[in-house]
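Asks: Shown below is the structure under consideration.
The values are calculated or read from the model by the stated rules, or taken from the named source; none is laboratory data. Keep in mind it's a predicted model, so treat the numbers as computed, not measured. Ideal geometry is used to build each Cβ from the backbone, glycine not excepted, and the neighbour counts take in all protein chains shown. What goes into the accessible areas is simple: the full protein's heavy atoms, side chains included, and nothing from ligands, DNA or RNA. Shrake-Rupley method; radii C 1.70, N 1.55, O 1.52, S 1.80 Å.
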Amino acid sequence: MDRIRIVGGNKLNGTIPISGAKNAALPLMIAALLTDETLILDNVPRLADVAQVQRILGNHGVDIMSAGKRPGDHHQGQTLHISAANIIDTTAPYELVSTMRASFWVVAPLLARMGECKVSLPGGCAIGTRPVDLLIMALEKLGAQIQIDGGYVIASAPNGLTGAEIEFPKVTVSGTHVALMAATLAKGRTVILNAACEPEILDVADCLNKMGGKITGAGTPRIVIEGVKKLHGARHTVLPDRIETGTYAMAVAMTGGDVQLAGARPELLQSALDVLVQAGATVTPNNEGIRIQRNGAGISPVTVSTAPFPGFPTDLQAQLMALMACAKGSSHITETIFENRFMHVQELARFGARISLDGETATIDGIASLKGAPVMATDLRASVSLVIAGLAAEGETMVNRIYHLDRGFERLEEKLSACGANIERISG
Ligand code: EPZ
């Protein structure tokens, strides 16, 4: 099993290109099931999760071709031509769905276009119970008949879905994606209330509109969808990854240095950038992205609660905790989205970090410096918090089980070594 070896202590200096957002690319690829014409997606990151969605779509009979960049393209990722002209199978089996939660979302386009599907209940990162009750509620509101049997959700809508009002009792990204995709092909108007406002929802809605959808209000808590009979092909560029941006920004804040995050968009992570400024980093948005610097000054402690967008993202909570491990004083981080997203606490403790947990709140008593250690990656964002800690720690860190990192960070070692980090992948 691959591992990552880091010798800490180097400042980061240089440029890091930001990839396309994993959490937009996955639903965008799934949305290709809504049309029999080709959807072309640019700036798709090369990640294990993207490859997994390719496998899932392939199982339904979808053709996917990965093309090189066109002359003049500035983005890093691949271009995917996705054609769901013939859906040969409406079952998404356990073997394919159980490893990644987003794969469950095929339930929406399959049901909307084919009138039936059978999709295994999902798996994904071990960060909480992560139920799908709200996704099912949304589909039922649109008129679907749903049974759960043998670990599968069996859904049907023989006469198609019908527009409805869907009010989510809590903000859910997955629920909003599913409701949005299903409602584009429903008869009549759907109104989603208390919708998630995450930028990835807006990106998917923009793409669906290019495909002939009639969606307004995406990016706000009230989304209105006028159903259409058919969607057509389109071309869309995946927006930059705000979590990757915030992760590298925190790495620079922790090691010190001066890095340009090329292609990053500050408005996608303003709350995290505000926290970095409070912590003592200098954040300068510019035409090419965001410049992050920390020179000389120590790290100041912060008090932060995770919250749905535009609040501080849960997907940056572990990375912030690594940073606060070396702050001058005590920080408090409260996790409000997932009930079990503190698996990194015991691993950060191996570096000497002093963190105590009380329910949903972690108190981090900063220490002068961390010491390198062997650690184990547990989930995607927790894993990268260990890399950040290793970059700043004295001596050698070995991060084991890094397949989690490959799910969500494109060319991580390459991007960090180009900025002076001593980091390498050890295969086998
Ligand atoms: C998305 O997960 C992201 N995944 C997560 O990123 C991210 O942490 C999360 O949104 C919150 O921002 C993708 O986009 C692929 P939710 P999702 O539905 O959609 C509860 C990463 O590392 N809930 O907004 O699964 C749920 O348990 C991943 O990239 C229900 O109770 O998150 C949670 O407490 C990890 N019932 C809360 O809502 C439901 O039916 C928010 O979940 C659905 C969700």
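Asks: Among the residues of segment 307-316, is any over 26 Å from GLY9 (Cα atoms), within 16 Å of the ligand (Cβ to nearest atom) and part of a helix (DSSP H, G or I)?
Replies: Within segment 307-316, one or more residues are over 26 Å from GLY9 (Cα atoms), within 16 Å of the ligand (Cβ to nearest atom) and part of a helix (DSSP H, G or I).
Asks: Then there's this: Taking segment 385-410 on its own, how many of its residues are out of contact with any strand residue (DSSP E or B) (no Cβ under 9 Å at 6 or more places or on another chain) and more than 17 Å from ASN13 (Cβ to Cβ)?
Replies: Matching residues across segment 385-410 total 7.
Asks: To continue, here is another question. Working only within segment 217-230, note down all residues that are over 18 Å from LEU202 (Cβ atoms) and buried (at least 24 other Cβ atoms within 10 Å of the Cβ).
Replies: Within segment 217-230, the subset over 18 Å from LEU202 (Cβ atoms) is 227-230.
Selection gives nothing.
Asks: Just wondering, is there one or more residues in segment 332-343 that are surrounded by fewer than 16 Cβ atoms within 10 Å (Cβ to Cβ), among the aliphatic types (A, V, I, L, M) and farther than 20 Å from LEU268 by Cα?
Replies: There is no residue in segment 332-343 that is surrounded by fewer than 16 Cβ atoms within 10 Å (Cβ to Cβ), among the aliphatic types (A, V, I, L, M) and farther than 20 Å from LEU268 by Cα.
Asks: Specify which of the listed residues (LEU41, LEU28) is crowded, with 24+ Cβ neighbours inside 10 Å, farther than 22 Å from VAL384 by Cβ and in contact with an Asp or Glu (Cβ under 9 Å, 6 or more places away or on another chain).
Replies: Going through LEU41, LEU28 in turn, the sole match is LEU28.
Asks: On to the next question. On the basis of being within 16 Å of the ligand (Cβ to nearest atom) and touching a residue at least 24 places away in the same chain (Cβ under 8 Å), does ALA368 make the cut?
Replies: Taking the combined requirement at face value, the residue does not satisfy it.
Asks: Just wondering, is there one or more residues in segment 224-234 that are within 15 Å of the ligand (Cβ to nearest atom), in the same structural domain as MET114 (by TED's automatic domain parsing) and either within 24 Å of ALA24 (Cα to Cα) or in contact with a helix residue (DSSP H, G or I) (Cβ under 6 Å, 6 or more places away or on another chain) (or both)?
Replies: As a first pass, look at segment 224-234 and keep what is within 15 Å of the ligand (Cβ to nearest atom): none.
No, because not a single residue in segment 224-234 is within 15 Å of the ligand (Cβ to nearest atom), in the same structural domain as MET114 (by TED's automatic domain parsing) and either within 24 Å of ALA24 (Cα to Cα) or in contact with a helix residue (DSSP H, G or I) (Cβ under 6 Å, 6 or more places away or on another chain) (or both).
Asks: Which count do you get for residues in segment 255-282 that are open to solvent by 10 Å² or more (accessible area, probe 1.4 Å), in a helix (DSSP H, G or I), under 16 Å from MET324 (Cβ atoms) and touching a helix residue (DSSP H, G or I) at 6+ places or on another chain (Cβ under 8 Å)?
Replies: Matching residues across segment 255-282 total 2.
Asks: Please find, among ALA382, ALA393, the residue that is touching a Phe, Trp or Tyr at 6+ places or on another chain (Cβ under 8 Å), crowded, with 23+ Cβ neighbours inside 10 Å and under 20 Å from GLN346 (Cβ atoms).
Replies: From the options ALA382, ALA393, the qualifying one is ALA393.
Asks: Another question, then. If I filter segment 351-364 for residues that are in a helix (DSSP H, G or I) and either crowded, with 22+ Cβ neighbours inside 10 Å or among the β-branched types (Val, Ile, Thr) (or both), do I get at least one hit?
Replies: no
Asks: Another question, if that's okay. Restricting attention to segment 98-108, and to residues there that are among the polar types (S, T, N, Q) and in a loop (DSSP other than H, G, I, E, B), which single residue is modelled with the highest pLDDT? So that I can check it myself, show each step before the final result.
Replies: Taking segment 98-108 and keeping what is among the polar types (S, T, N, Q), we get 98-99, 103.
Right, trim to in a loop (DSSP other than H, G, I, E, B) and you get 98-99.
Values: SER98: 88, THR99: 85.
That would be SER98.
Asks: Another question, then. Quick test of your reading of the structure: ASP406 fulfils all but one of (1) more than 16 Å from the ligand (Cβ to nearest atom); (2) open to solvent by 40 Å² or more (accessible area, probe 1.4 Å). Name the failing condition by number.
Replies: (1)
Asks: Which of the strands (runs of 3 or more DSSP E) found entirely inside segment 1-74 contain at least 3 residues meeting this: assigned by TED's automatic domain parsing to the domain that holds VAL178, in contact with a Leu (Cβ under 8 Å, 6 or more places away or on another chain) and over 21 Å from ALA264 (Cα atoms)?
Replies: Qualifying strands (runs of 3 or more DSSP E): 63-67.
Asks: For segment 327-343, enumerate the residues that are at pLDDT 95 or above and within 12 Å of the ligand (Cβ to nearest atom).
Replies: Matches in segment 327-343: GLU335, THR336, ILE337.
Asks: Would you confirm, using the coordinates I've provided, whether ALA251 is more than 16 Å from the ligand (Cβ to nearest atom), buried (at least 20 other Cβ atoms within 10 Å of the Cβ) and not assigned by TED's automatic domain parsing to the domain that holds GLY143?
Replies: Yes, satisfied.
Asks: Quickly run through segment 283-311 and pick out the residues that are buried (at least 16 other Cβ atoms within 10 Å of the Cβ) and more than 30 Å from GLU339 (Cα to Cα).
Replies: The answer is VAL283, GLY289, ILE290, ARG291, ILE292, GLN293, ARG294.
Asks: Of ILE6, ILE16, which residue is buried (at least 24 other Cβ atoms within 10 Å of the Cβ) and either in contact with a Cys (Cβ under 9 Å, 6 or more places away or on another chain) or within 22 Å of GLY212 (Cα to Cα) (or both)?
Replies: ILE16
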